[in-house]
Each structure stands twice: as C-alpha cells, then as structure tokens.
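Report on one structure; see the data block that follows.
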Amino acid sequence: MPRRGRSTTVGKIAQLCQARRASEIRMLGEMLRREQRTETREGTYPQPARDSLTPR
C-alpha cells in the first residue's frame with residue numbers, strides 16, 4: 001500500500017504552502033484591522049473610487 005498524506009514529499013510541500021497561505025491571510029487581516037482603527041480614530045473614511053462607476 002502506498003504512503004499517503006503528509007508523510008510524502010508532495011504532502012510536505014502542500015503543508016508548507018498551506019501554512020504560508022494561512023500566514024499571509026492572517027497578516028492581511030491584521031493590516032486591515034489596523035488601518036480601520038487608524039481611520040476611525042482620525043475620523044476619515046475612505047471615499048469610493050468614482051472613476052470605475054462612470055459609464056463610458
């Protein structure tokens with residue numbers, strides 16, 4: 001019976017990729033929360049981009 005899961009080389013690479021993705025998502029979430037806290041403290045809110053809303 002062949003080996004399966006994380007004991008194989010492919011499984012170990014997949015585990016590393018998954019951990020990297022989770023770490024990037026966590027960092028992006030923290031960055032967004034930090035920016036939102038900064039904006040609410042300053043009383044400024046981001047304005048929506050109007051260029052993409054105008055029909056051509």
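Of note:
- Among the candidates R37, R50, residue that is open to solvent by 100 Å² or more (accessible area, probe 1.4 Å) and modelled with pLDDT of 80 or more: R37
- Tally, over the stretch 9-21, of residues that are in contact with a helix residue (DSSP H, G or I) (Cβ under 9 Å, 6 or more places away or on another chain) and among the polar types (S, T, N, Q): 1
- Test for R3: is it at pLDDT 85 or above and either open to solvent by 100 Å² or more (accessible area, probe 1.4 Å) or basic (K, R) (or both): no
- Some residue of the stretch 8-23 being of a type in the set (D, E, K, R), at pLDDT below 95 and open to solvent by 100 Å² or more (accessible area, probe 1.4 Å): yes
The values are calculated or read from the model by the stated rules, or taken from the named source; none is laboratory data. In this text, all values refer to a predicted model and were calculated from it rather than measured experimentally. Using ideal geometry, Cβ is built from the backbone for each residue, glycine included, and neighbour counts are taken over all protein chains shown. Ligands, DNA and RNA are excluded from the accessible area calculation, which covers all protein heavy atoms including side chains. Shrake-Rupley method; radii C 1.70, N 1.55, O 1.52, S 1.80 Å.
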